[in-house]
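Beneath this line is the structure, given in structure tokens, with notes to follow.
The values are calculated or read from the model by the stated rules, or taken from the named source; none is laboratory data. Keep in mind it's a predicted model, so treat the numbers as computed, not measured. Methodologically, a virtual Cβ is constructed for each residue, glycine included, from the backbone with ideal geometry; neighbour enumeration extends over all protein chains shown. When the accessible area is computed, the model is the full protein with side chains, heavy atoms only, and any ligands, DNA or RNA have been set aside. Shrake-Rupley method; radii C 1.70, N 1.55, O 1.52, S 1.80 Å.
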Amino acid sequence: MSAVANYLPRNTWIHRLNPLTKMLWSIILMTLSFLYRDPIILAVLFLSIALVAYMAGILKEMLPAFKGLLIFAGIFLLFQIFFITEGKVLFYVIPGTKILPITDEGIFGSLAMGARLMVIAASFPVLLGTTQVKDLVIMLVEKIKIPYTYAFMFITSLRFVPTFMQEMEQIVQAQCSRGHRLENRNLIRKFFSLCPLAIPLMITSVKKAEQLAISMETRGFGLGSRTYLHQIQFRAIDWGISLGMLGMVALSVYLNLQGIFQ
Amino acid sequence: MSQTVNPAILVENLSFSYPNSERKALHEVGFEIQSGEFIGVTGPAGAGKSTLILCLNGIIPHFQSGTFQGKVLINGRDTFETPCAEISRLVGSVFQDPEAQIVAPSVEDEIAFGLENFGFEPADIEQRIQEALSLIGISHLRYRSTTELSGGQKQRVAIAAAVALRPQILVLDEPTSELDPIGTREVFDVLRKLNTDYHLTIVVVEQKLNVMLEYINRLLILNQGKTVCDLPPRRILEEPELLTGIGLKVPPVSELAYRLRKSGKYRPELPLTVEEAYCGIVQSLKNMRNNHD
């Protein structure tokens with residue numbers, strides 16, 4: 001799963017867009033997916049995400065994520081289909097009885113739910129694939145005014161993921177060399193055999209965090225208003241695309257209220 | 001009225017103990033460091049070296065709780081009364097673990113971090129990043145990710161990040177403990193350059209005496225929180241008991257020369273490097289031959 005949320009450097013206009021524009025795109029897709037109940041419209045929305053991924057040159061990398069989502073949506077759909085009992089009954093799961101009716105609205109509604117789930121979830125890997133998290137966070141701090149401390153916490157936790165992975169690997173190797181058994185097919189047993197290794201990891205993490213805090217203090221962290229080396233511009237194209245998207249949303253909502261598209 | 005120049009660092013009667021600890025980590029330590037000096041600090045484990053470094057950069061008493069007595073003056077300013085952020089403009093710090101002191105995902109961002117905190121303009125930050133990188137000799141690492149660097153490279157990035165703030169004093173707590181001999185030399189060569197070319201006052205805690213003694217002006221030896229001595233390296237070689245008495249080792253070349261001299265076979269000043277030892281031994285051999293003739 002880690003590869004799904006990775007930044008995929010390409011030189012396309014979508015990569016060069018301001019992170020906020022791309023975030024707006026994600027939010028708008030989410031809004032639209034709640035606006036519509038027609039699975040076909042939702043499918044079109046999903047295809048539009050795939051199109052954006054294609055234009056950004058990352059469609060190939062996105063496919064595993066989309067496939068995973070499809071399976072997840074399928075399972076979701078299977079469960080959902082039994083819970084909607086309104087509408088015309090088409091057939092029963094066990095023929096000849098009246099147990100577990102499948103209705104037309106049930107099929108329609110659960111298809112819409114599945115498609116909605118896919119639209120909401122699919123935009124995020126595309127957003128993260130085309131945007132550096134660091135840039136996104138800087139924009140959130142600068143423009144949306146999220147406190148820097150929280151943003152910093154987020155960036156730093158990302159920075160420490162590989163460090164702790166390394167640390168964990170070392171602990172695992174050290175313990176295995178002393179006869180701790182980790183290879184186990186049984187998931188629950190594997191979980192319990194990992195537990196004692198979590199303690200040394202936690203201790204080293206706390207120590208590292210303490211050292212990090214000292215290192216930050218000696219470099220003036222939290223002095224007050226801070227500047228940023230990388231200035232990310234909100235350019236004309238960002239304005240154009242953002243306003244265009246907002247216009248489309250307004251139009252959709254209007255048409256939706258008029259009952260033209262549902 | 002004569003204008004007195006404040007020493008870069010003045011420590012008077014400094015004692016500190018950590019909470020829940022009976023023993024004092026530092027016990028009535030006192031010394032003075034002039035601007036432009038290159039000072040080494042050493043001592044066995046638990047001597048109070050790291051605590052001393054934390055006292056110099058203001059983490060003690062501002063962030064580490066404990067009992068603090070005595071005075072630490074940085075450029076004449078009392079660290080007790082000066083906010084940590086202001087001390088950090090005067091004193092740059094580098095720590096032991098190259099992994100834990102790096103904040104940012106890329107080298108460039110790492111060096112920018114302190115400058116951004118102090119609110120410098122992006123153009124100034126850019127200029128200072130370039131300056132710091134070329135000063136430390138790591139301009140080629142600028143766009144690299146910090147996770148993929150070697151230990152020596154990480155440590156030099158940490159030094160660059162501290163130097164980018166243009167401090168007057170640089171304190172380092174065992175900066176080479178996780179480095180191999182080559183990495184250790186790299187770090188000390190950088191420190192020497194900063195000291196001689198840029199007149200930076202440097203205080204470095206270090207265990208590897210055989211390397212450090214070549215570089216420093218004075219060595220401060222601590223043991224169990226107390227000052228054992230504060231002397232130039234060559235004076236310390238004259239009294240190796242100062243080191244061996246608390247379980248530290250004299251650099252092998254110096255020890256060899258010291259023993260040769262004890263048996264009357266070595267006259268010149270005790271050597272710090274292999275080069276010096278070589279010259280000294282050759283000279284002694286010549287003298288011996290002349291005496292025989």
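Cα gyration tensor of region B:159-279, axes a ≥ b ≥ c as square roots of the eigenvalues: rounded (a/c below 1.5), prolate (a/b > b/c) or oblate? It is prolate, given that a/c is not under 1.5 and a/b is the larger ratio. With an a/c value of 1.5 or above and a/b not larger than b/c for the gyration tensor axes a ≥ b ≥ c computed over the alpha-carbon atoms, region A:193-253 is described as oblate.
Percent of accessible area on region A:161-220 owned by carbon and sulfur, 1.4 Å probe? With neighbouring chains kept in place, the figure for region A:161-220 is 63 percent.
Need one word for chain A: rounded, prolate or oblate. Basis is the Cα gyration tensor (sqrt eigenvalues a ≥ b ≥ c); a/c below 1.5 gives rounded, then a/b vs b/c decides. Verdict is oblate for chain A. Computed over protein heavy atoms with a 1.4 Å probe, the accessible surface of the protein assembly as shown works out to 52 Å² per residue. Expressed to the nearest 5 percent, the antiparallel share of DSSP beta bridges inside chain B is 55 percent. At a 1.4 Å probe radius, carbon and sulfur cover how many percent of the accessible area of chain B? The computed percentage sits at 49. Rolling a 1.4 Å probe over the protein chains gives A:PHE34 an accessible area of about 130 Å². I need the calculated FRET efficiency for the pair A:ILE188 and B:ASN6, taking r as the beta carbon distance and R₀ as 60 Å, to the nearest 0.05. With R0 = 60 Å, the Cβ-Cβ based efficiency is 0.35. Relative to the longest principal axis of the Cα atoms of chain B, the long axis of helix B:252-262 makes an angle of roughly 30 degrees. Dividing the summed helix terms, -39500 (n - 2.57) for each DSSP H run of n ≥ 4, by the number of residues in the protein assembly as shown produces a 222 nm estimate of -17500 deg cm²/dmol to the nearest 500. For B:LEU285 and B:ASP197, the FRET efficiency from 1/(1 + (r/R0)^6), where r spans their Cβ atoms and R0 equals 35 Å, is about 0.40.
Averaged over the residues of B:104-113, the number of partner chain Cβ atoms lying within 10 Å of the residue Cβ comes to 4.
Computed with a 1.4 Å probe over protein heavy atoms only, the accessible area of B:HIS140 comes to about 130 Å². Label-to-label distance for A:HIS180 and B:SER150 is 3.0 nm, based on points extended 7 Å past Cα in the beta-carbon direction. In this structure A:THR12 has an accessible area near 20 Å², from a 1.4 Å probe over the protein heavy atoms.
Using a 1.4 Å probe and counting only protein heavy atoms, how much accessible surface gets buried when B and A come together, both sides summed, in Å² to the nearest 100?
What B and A bury together is about 2800 Å².
Contact-buried residues of region A:223-247, at a threshold of 50 Å² lost accessible area versus the chain by itself: A:LEU223, A:ARG226, A:THR227, A:LEU229 (1.4 Å probe; DNA, RNA and ligands ignored).
I'd like the antiparallel share, as a percent to the nearest 5, of DSSP beta bridges with both residues in region B:151-245.
Values: 5 of 10 bridges.
The answer is about 50 percent antiparallel.
Between A:LEU70 and A:GLU210, residue separation times 0.36 nm minus the direct Cα-Cα distance comes to 46.1 nm. Of all DSSP beta bridges in the protein assembly as shown, what percent run antiparallel (nearest 5)? Looking only at bridges with both residues in the protein assembly as shown, the antiparallel portion is about 60 percent.
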